[in-house]
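In what follows, a structure is listed as structure tokens, so that the remarks can point back to it.
Just so it is clear, none of the values below were taken in a lab; they were calculated from the coordinates. Owing to the predicted nature of the structure, the values given are computational and were not obtained by experimental measurement. Quick reminder, even Gly has a Cβ in these numbers, built from the backbone with ideal geometry, and neighbours come from all protein chains shown.
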Amino acid sequence: MSKKIYIETYGCQMNFSDSEIVASVMTSHHAKIAGSPEDADVILLNTCSIRDNAEQRVVNRLRALQHLRKRRPGLLIGVLGCMAERLKEELLEEKTPGLRVDLVAGPDAYRQLPELMADAETGQKAINVLLSADETYADISPVRYTPGGVSAFISIMRGCENFCAYCVVPFTRGKERSRDPRSVVTEARRLVAEGYREVTLLGQNVNSYRWKENGSGKITGFSELLGMVASVDPRLRVRFATSHPKDMSDELLHRMADHPNICKAIHLPMQSGSSEVLKRMNRKYSREDYLDRIAAIKRILPGCGLSTDIIAGFCGETEEEFEETLDLMDKAGFDFAFMFKYSERPGTRAAEKYTDDVPDAVKTRRLTAIIDKQQALSMESNRKDVGKTMEVLTEGPSKRSGQMMMGRTTCNKVVVFPDQGYQPGDYVRVKITGCSAATLKGESANED
Ligand code: 5AD
Ligand code: SF4
């Protein structure tokens, strides 16, 4: 009898992409995807370790799921992804009473899931947290959550070797490795044939994508790969994330300018506006270097959408250093930001070398100031768009109102506009008539 698997995903886009690989591995072993945990024989949580609160969410969820065992004897609960890698056997040992996990698989062990499940069923220890130097799942065709969807992820590389001092990813996702460009292009072609209109190329640091061809020794870098994917179909929008400021080249910016279907949006995590803090973070660029990259983006791609990640209260951050972050935000003029309080992760360089010495209340105050600043910057950026007409790729009905559709501009701004019988995947020209800090509002300017 085929097993029903329920997969729940936490954390970054890469995890969502990995869950599609897990779904593919399992369905090709006769499993079915369940619609809810109540309906499943196996519940898999694909987890995130980036901050302590991300892990706490998963622990609470694991606790809440235990009652289903009473209803369904033989139910298996598994932990995948970064927490599997970070906590390893600890998860199987039921260190927290009543928090039972039957299966643990790290991000490079998903091909082994069917065997691990068989082991777990017979009560054996089911764990594989080996990290690989070459696994890219290139030959696995992901099973998409949203068949008939508009936008899909394509993972182009795995792992990270930058070892930013605060970050657990190099420990949980292992060595950086790139995927064969032909398999990336094949996947993009398949998505176009299935009706997708947008792909996002994913990696922890896509700018260091590098594929060396066996035999010829020819090297494909990220700019070339991006051009290859953009050439698959001029109607396919192409995005990518994430870029590291130290590797963001002018060549890439020119490549983006050359292809109208490469979206004009760059996610460039700044983390801090202080050169001293950036040095402690091991980011390998200074405040001036970051400003230089922002200037290059504005020069080569005028009007390009710009987003970032910012950490408040990293080890030793002084009031002056924090002020430099607010100042750099102003100078860059971000459209959007993900903003976090620093959370110490065991095993990272920061945890070993520095003291987490900014009091929580100070972190909170600084984070609030950063959020307020970003709110003002987003509002200012959106106000400038009022009156313009933009091409929007329709994603579906707006969450707030069924009469309205939502979609995104090339700059990755969300636009809400009246539904005039549009389908997800339609390109609509929208005249922007109003905005909030989070959304643009508009009306159709299609000429029919
Ligand atoms: N604490 C807070 N934020 C973190 N990030 C990564 N590690 C930590 C941490 N220990 C943030 C960074 C990164 C984003 C994905 O998460 O800003 O770019
Ligand atoms: Fe973490 Fe830095 Fe790698 Fe991003 S580049 S995943 S922040 S170590």
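Quick rundown of the values:
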quantity	calculated
Separation in nanometres of the label points that stand 7 Å from Cα toward Cβ, at K279 and Y145	4.2
Residue order, fewest to most beta carbons within 10 Å, for Y145, Y10, Y354	Y145, Y354, Y10
Segment 194-228: trypsin sites (Lys or Arg not before Pro) falling in loop per DSSP and having at most 14 other Cβ within 10 Å	K218
Enclosed volume per residue, in Å³, of the convex hull spanned by Cα atoms of segment 386-444	70
Alpha-carbon gyration tensor eigenvalues x 5, square-rooted, for the chain, Å	34, 29, 23
Cut-off under 5 Å, modelled amide H: who pairs with M405 long-range	S398, F417, D419
Net length gained if the chain between T96 and S36 were fully extended (0.36 nm per residue, minus Cα distance)	19.1 nm
Mean Cβ count within 10 Å, highest first, over the residues of peptides 265-272, 376-383	265-272, 376-383
Residues of type lysines that K284 reaches as a straight line, Cα spacing below 24 Å, ignoring anything fewer than 8 places off in the same chain	K175, K246, K298, K331, K341, K353, K363
Candidate aspartates and glutamates for bridging to K373, where Cα separation is under 17 Å - those fewer than 8 sequence places away on the same chain excluded	D309, E319, E320, E321, E323, E324, D327, D330, D335
Whole-number D in µm²/s for segment 257-335 (Stokes-Einstein; Kirkwood sum over Cα pairs; 4 °C, 1.567 mPa s)	98
Cysteines, the chain, no other Cys beta-carbon under 4.7 Å	C12, C48, C82, C160, C263, C304, C315, C411, C435
Relative frequency of Cα-Cα separations exceeding 22 Å in segment 186-343, percent	46
Vicinal HN-Hα couplings computed from phi for segment 354-366 (Karplus, 6.51 cos²θ - 1.76 cosθ + 1.60; Hz; Gly/Pro x)	10, 9, 7, 9, 7, x, 4, 4, 6, 4, 4, 4, 5
Compactness of segment 4-128, expressed as Rg and Dmax over alpha-carbon positions, Å	13.0, 36
Under 5 Å, built H, 5+ apart or other chain: amide partners of I50	none
Cleavage-rule hits (GluC sites (Glu not before Pro)) in segment 391-448: DSSP loop, at most 14 neighbouring Cβ within 10 angstrom	E447
Share of Cα-Cα pairs in segment 298-443 lying beyond 24 Å, as whole percent	46
Label zone at K88 (point 7 Å along Cα-to-Cβ), backbone N below 20 Å, segment 338-356	345-352
Values of log10 I(q)/I(0), in the order q = 0.21, 0.26 Å⁻¹, for segment 210-277 under a Debye, Cα-only, solvent-free model	-0.93, -1.17
Contour minus Cα-Cα distance for F16 and S436 (0.36 nm per residue)	148.4 nm
Net dipole in debye of the chain [+1 Lys, Arg Cβ; -1 Asp, Glu Cβ; about Cα centre; nearest 20]	580
Length added when fully stretched, R365-E115, from 0.36 nm per residue minus Cα-Cα	85.1 nm
Hz values of 3J(HN,Hα) by residue in segment 98-108 - Karplus curve (6.51, -1.76, 1.60), Gly and Pro given as x	x, 10, 8, 10, 9, 8, 9, 9, x, x, 9
Relative contact order of the chain, defined on C-alpha pairs under 8 angstrom at six or more residues apart (%)	10
For segment 282-298, 3J(HN,Hα) per residue [Karplus equation, 6.51 cos²θ - 1.76 cosθ + 1.60, θ = phi - 60°, Hz, x = Gly/Pro]	6, 8, 6, 9, 9, 4, 5, 4, 4, 4, 4, 5, 5, 5, 5, 4, 5
